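Worksheet: the structure to be examined is printed underneath.
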Amino acid sequence: MRRCEPDSEIYYLIGEDNLPGLDRWRRFDELKKIVRFVVLDRTGGQATRDYPVIARKIDISATEIRKRVASGRSIRYLVPPSVEEIIRQNNLYREAAQ
């Protein structure tokens with residue numbers, strides 16, 4: 001793992017749908033000391049001002065992509081082909097066999 005320069009900042013981009021539970025993330029207090037959270041407001045709504053906000057009207061979320069993969073639906077055009085290939089090769093996000 002490559003280390004950052006001492007004066008470097010690490011940004012952690014999250015969707016606004018993650019804000020309500022953000023403070024309940026495992027080791028959140030430690031994480032907020034080493035990263036700067038930035039919120040992606042996909043809906044054009046009123047995202048919190050506790051963190052910097054990037055407002056973009058897009059209807060794609062990581063949660064939706066994971067749900068689509070788990071249920072066997074296509075994610076073509078939602079992610080780059082290389083990402084789709086990595087997900088397929090590593091059998092990511094598939095529902096566990098019953």
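Worth pointing out:
- K67, sole failed condition from (1) open to solvent by less than 80 Å² (accessible area, probe 1.4 Å); (2) modelled with pLDDT of 90 or more: (1)
- Flag if R56 is surrounded by fewer than 13 Cβ atoms within 10 Å (Cβ to Cβ), within 15 Å of the chain's Cα centre (by Cα) and of a type in the set (K, R): yes
- Residue match in the stretch 2-23 (condition: of a type in the set (V, I, T) and at pLDDT below 85): no
- Within the stretch 59-98, the set of residues being under 19 Å from the mean Cα position of the chain (by Cα), assigned to a loop (DSSP other than H, G, I, E, B), touching a residue at least 12 places away in the same chain (Cβ under 8 Å) and over 22 Å from R42 (Cα atoms) comprises L92, Y93, R94.
The values are calculated or read from the model by the stated rules, or taken from the named source; none is laboratory data. Computed from a predicted structure; not experimentally measured. We place every Cβ from the backbone using ideal geometry, glycine too, and count neighbours over all the protein chains shown. The accessibility values were calculated without ligands, DNA or RNA, using every heavy atom of the protein model including side chains. Shrake-Rupley method; radii C 1.70, N 1.55, O 1.52, S 1.80 Å.
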